[in-house]
Amino acid sequence: MSAEKQTLISNIEDNFNEAIHAATHIYFEGGVFVYPTDTIYGFGANPFNKDALAKITFVKRRSIEKKYILLAADISMVLKHVDLQHESHADFLISLWPNPISIVLKLNGYFRDIMESETMAFRIPNHKFCRKLLNDINMPLVSTSVNRSDEPEMNDFTQISQEFSHEIDAIFYSEKPPLNIASTVIDLTGQVPTLLREGMISFQEVMAKYDEKCHG
């Protein structure tokens, strides 16, 4: 029988640089960790590592067909992976991010083959830990809510630790309470944005930006 996994527990306020270093190591080793974002706590992993994705899917008891949101450090990182449907969409995305808004975009041919998917949702988070980690790994990061499938999202560190310790590699937590509201999700695979889920940012605000940048 294999030994029980020892999960690293780290307070990002007390151990910021050490937590970034540990998360970077876990990312490139194909591990899974919990981390705070500008919305809710998320499971994180390397989206290009199939073993890492399989681990998250197993821990969440989630359907393997469901896609994950990817966090990116900046607009350049997003544009490296996608084909925009109109050149004005780049200005639109820049006007929205960093913010709790996830945008479904068409992947370009190279990453479509790698990800085995036509589309993927991206978000540039407004969160110090996320942005530093993303800049250090220089690659997108999986972000999916911390919960078992069909169960409520967990945003309390103690509850998360009790439920998922010894199943994942690390839990990075913050003393600051999360906002506890999921991101707004927009589909931009066509010419005009369509709402998939309204979260912290209203669809009306999103469309105001769209009209300004794409019809201005």
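What follows is calculated from the coordinates using simple rules that are stated; it is not laboratory data. Being a predicted model, the structure only gives us computed values, none of them experimental. Every residue, glycine as well, gets a Cβ built from its backbone with ideal geometry; the counts of neighbours run over all protein chains shown.
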*asked:* What does the C-alpha gyration tensor say about the overall shape of segment 26-136? Classify as rounded when a/c is under 1.5, otherwise prolate if a/b is larger than b/c, or oblate.
replied: oblate
*Using DSSP to define loop residues, name the trypsin sites (Lys or Arg not before Pro) in segment 1-69 whose beta-carbon has at most 12 other beta-carbon atoms within 10 Å.*
5, 61, 66
*asked:* Quick query: amide H of residue 104 versus all other amide H atoms, modeled in the peptide plane; which residues come in under 5 Å with a sequence gap of 5 or more or a different chain?
replied: 122, 186, 187, 188
*Please work out which option in [x] 120; [y] 159; [z] 135 gives volume of the Cα convex hull per residue in Å³ calculated from these coordinates, and answer with its label.*
[x]
*Using a Förster distance of 35 angstrom, determine the FRET efficiency expected from the C-beta separation of residue 24 and residue 95, and round it to 0.05.*
0.70
*Given the Cα-Cα distance of residue 7 and residue 194 and 0.36 nm per residue of separation, how much length would full extension add, in nm?*
63.3 nm
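Does segment 1-52 come out rounded, prolate or oblate by the C-alpha gyration tensor, with a ≥ b ≥ c the root eigenvalues, rounded set by a/c under 1.5 and, if not, prolate when a/b is larger than b/c and oblate if not?
Note, shape of segment 1-52 comes out oblate.
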*asked:* I'd like the chymotrypsin sites (Phe, Trp or Tyr not before Pro) in segment 1-106 restricted to DSSP loop residues with at most 15 other Cβ atoms within 10 Å, sorted by number.
replied: 48
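Sum -39500 (n - 2.57) across every DSSP H segment of at least 4 residues in the chain, then divide by the residue count to get the 222 nm mean residue ellipticity, nearest 500.
Result for the chain, helices only: -10500 deg cm²/dmol.
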*Determine the gain in length on full extension of the stretch residue 126-residue 166; use 0.36 nm per residue of separation and subtract their C-alpha separation, reporting nm with one decimal.*
11.5 nm
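List the GluC sites (Glu not before Pro) in segment 17-109 that DSSP assigns to loop (not H, G, I, E or B) and whose Cβ has at most 12 other Cβ atoms within 10 Å. Which are they?
Here the GluC sites (Glu not before Pro) that fit, given the DSSP loop and packing criteria, are 65, 87.
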*Shape of segment 1-87, Cα gyration tensor, a/c cut at 1.5*: oblate
*What residues qualify as long-range amide H neighbours of residue 119, i.e. H under 5 Å apart, gap of 5 or more or another chain, H built at 1.01 Å from N?*
107
*If r is the Cβ-Cβ distance from residue 58 to residue 119 and R0 is 35 Å, what FRET efficiency results, to the nearest 0.05?*
0.90
*asked:* As a quick test, which of the pairs 66/209; 66/128; 128/176; 132/176; 66/106 have an alpha carbon distance above 19 angstrom in this structure?
replied: 66/209; 66/128
*Mind giving me the FRET efficiency for residue 110 and residue 16? R0 is 30 Å, r the Cβ-Cβ distance, nearest 0.05 is fine.*
0.30
*Stretched out fully, how many nm does the piece from residue 208 to residue 148 gain, at 0.36 nm a residue minus the Cα gap?*
18.0 nm
